[in-house]
Amino acid sequence: MNTLVRSGALRLHTAWGVGGLLLLCLLLAVWAGAVSVQPQDWLALWTREDGQPLSGSAYVLWHLRLPRIVFALLVGAALGWAGALTQGLFRNPLADPGLLGVSSGAACAAALTIVLLAQSGLAIPFAWRYALLPVAAFTGAVVVCWGLDSMARWITADSMAGLLLTGIALNAIAGAVIGLCTYLATDEQLRSLSFWTMGSMAAASWWLVLVMAVLLVVGHASMQRSLRAMNALALGEAAAAHVGIGVRALRQRVVLLVAVVSGFAVAWCGVIAFVGLIAPHIVRSVLGPDQRWVAPGSMAVGGVLLLLADTAARTVAIPAEVPVGIFTSLMGAPFFLLLLLGLRRRGVAYA
């Protein structure tokens, strides 16, 4: 009983701590930027005259900075949640959505769109150009994840290890296609491709915030009843099947949801490394391995991590913008060094 009370108190204190950190990060993100925001700008949306558009710092706040901040939070939450599910599915703390082909599929489709479509000479209507690259990237992410699941069932008879190895093979093929497109690209195309593969929140808008929020809420709600099954899967596929868990159906559900939710995020923001890898580790180190807490906790921590990285990306080199993936990688590498140091102090063997 005392253990349950202490566990509940720890979770409550952790929730308050993450909530306070999130509030501080939000205040920092709103304050930081090339344009300073004044207190009256918060009221400008309601105090303006009828039909009068916002201008100046009020426009920056409501149409540029706030949608970007909220979108960064949601994308980080999506990547953290997808990372927690992927690590639980593979029973591997080094797994992330990239192992399911989300990042490589999106990057491969984006590279083909940037390089080959531009060289094909096709006349693309101007209204389609804004959405063409994200739609192609999202389609590539979903198609590669679907192909991964289908090939793993055909080649390795539903083995989780086979799914992992098949994912590595498909990632290698996608990497080769990206390398070929990079070789064929012009200087302008190469710059676009390089910036896209390192991530950016510059495309944020309120309608993207709405779609991302709906996908994330629906995805998490649909997985809520399956989180106990994810806990059982940690004991192994045979043990999970023995207690009545449909391993194949669970795997298909996880792959589909990770593909759709994180695929949409990657399609509009580019490849963002380490968030889906770091967030579940941080949550498990505090709350333990229970997926019922790791999954929602990873959403909160992932949102905070990406918001901090994006705030740095758009302020460290004003007026220029640095790809956000650079800062997530700078956060991720020291984290894993500290993780290895902690394992050494606890006497955990690496081999």
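Quick note: the coordinates plus some simple rules give every number you see, no bench work behind them. Please read these numbers as outputs of a predicted model, since none were measured by experiment. Note that we place each Cβ from the backbone using ideal geometry, even for glycine, and neighbour counts take in every protein chain shown.
Working from label points 7 Å from Cα in the Cα-to-Cβ sense, the VAL35 to TYR183 distance is 4.5 nm. Residues LEU307, LEU250, LEU210, ranked from the fewest to the most other C-beta atoms within 10 Å, line up as LEU210, LEU250, LEU307. Between TRP268, MET223, LEU22, the Cα set farthest toward the positive side of the dipole of the chain (charges on each charged residue's Cβ, about the Cα centre) is that of MET223. GNM on the chain, alpha-carbon springs under 10 angstrom: the most fluctuating residue among CYS108, CYS145, CYS181 is CYS181.
Relative contact order for segment 66-345: what is it in percent, counting Cα pairs under 8 Å that are at least 6 residues apart?
35 percent.
Annotation: the residues THR166, THR47, THR139, sorted from fewest to most other C-beta atoms within 10 Å of their own C-beta, follow the order THR47, THR139, THR166.
Per residue, the chain reaches -24500 deg cm²/dmol at 222 nm when only DSSP H runs of four or more residues are counted, each adding -39500 (n - 2.57).
Of SER57, SER298, how do they rank once you tally other Cβ atoms within 10 Å and put the fewest first? Write down the numbers at each step before the final one.
Numbers: SER57 17, SER298 31.
With the fewest neighbours first, SER57, SER298 line up as SER57, SER298.
On the principal axes of its alpha-carbon atoms, segment 220-351 has extents of 58, 40, 24 Å, going from largest to smallest. Along the axis of the charge dipole computed for segment 218-351 (Cβ charges of +1 for Lys and Arg, -1 for Asp and Glu, origin at the Cα centre), the listed residues ALA249, THR328, PRO280 are led at the positive end by ALA249. Among ASP187, ASP290, ASP96, the largest mean-square fluctuation in a Gaussian network model of the chain (Cα springs under 10 Å) belongs to ASP187.
Top mean-square fluctuation among TRP196, TRP81, TRP46, Gaussian network model of the chain, C-alpha springs under 10 Å? In the Gaussian network model the winner is TRP46.
Relative to the Cα centre, the charge distribution of the chain, modelled as +1 at Lys and Arg Cβ and -1 at Asp and Glu Cβ, gives a dipole magnitude of about 1040 debye.
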